[in-house]
Amino acid sequence: MVQILTLTDEELVTHCKQELPHNTGSYEELVRRYMNRVYSIVYRVVQNKEETEDISQEVFIKVYNGIKKFEQQASFSSWLYRIATNSALDALDKSKRHSKNMALSSRPNSTNDGDTDALSQQASTEAGPEEHAMRTELRECINHVLKKLDREQARLLLMRDFDDLSYDGIAQVLQAGMSAVKMRIHRASLAFQQVFSQFCGRYLAFATPADHGTKGRSKAKQE
């Protein structure tokens, strides 16, 4: 066990390819390393604890079934991130098809394994009861906007503005060039602004830059 803990992700992946399904030790170590991260990624999209747990389990089942075919052209974490975001957006698409609202948390002080969305963190530390309610409504509206965007645009904004990935990190996940990533993020941000203004315009004065996707643009200037 001590030896497994000292292995890199790449080494663990190699062991998984050689050992699964007979020996699951290396796979279990990968799950241990990334379970909380996957949970956090999925929760920020679906905003429901039970659904997040189910989707997170599905993500690692996909990893188990697909790891022998993983060619390691990108890092394991990038490959896993792509699986997690796609699985979360599948849930978003499903709710869109059935015309249902996403199940959103109305308890700003609750936690899920230490991972809560950024809006809830702000509300719990800065806001009074009225602002709690406003931020909950804003969060609902943002999820509504994400459902209106196409899948690729929603995924880009999740990576850039919700999960705070750098351009380089996003390029690794998408296996795309830096200039293409920047252009796609720019277009996704413009689309988000347009839909946000249409459906959430009443929150424009209240929303912080991170709330409606301007954080990525301010960081872009720094990069």
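Compute the FRET efficiency between Ile4 and Asp164 as 1/(1 + (r/R0)^6), taking r as their Cβ-Cβ distance and R0 = 25 Å, and round to the nearest 0.05.
On the way: r = 29 Å, r/R0 = 1.18.
Approximately 0.30, to the nearest 0.05.
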- Give me the distance in nm between label points sitting 7 Å out from Cα along the Cα-to-Cβ direction at His22 and Gln73, one decimal. 3.1
- Query: Quick one: length gained pulling Glu11 to Met35 fully straight, 0.36 nm per residue minus the C-alpha distance?
  - Reply: 6.8 nm
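Express in nm, to one decimal, how much length is gained between Lys148 and Ala133 on full extension, taking 0.36 nm for each residue of separation and deducting their alpha carbon distance.
Numbers: separation 15, 0.36 × 15 = 5.40 nm, distance 2.30 nm.
This chain segment gains 3.1 nm when fully extended.
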- Task: Set the Förster distance to 45 Å, then compute FRET efficiency between Ile61 and Ser179 from the Cβ-Cβ distance, nearest 0.05.
- Result: 0.80
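Just so you know, all these numbers are worked out from the coordinates, no wet-lab data involved. Please read these numbers as outputs of a predicted model, since none were measured by experiment. Positions of Cβ are generated from backbone atoms using ideal geometry, with glycine treated the same way; all protein chains shown enter the neighbour counts.
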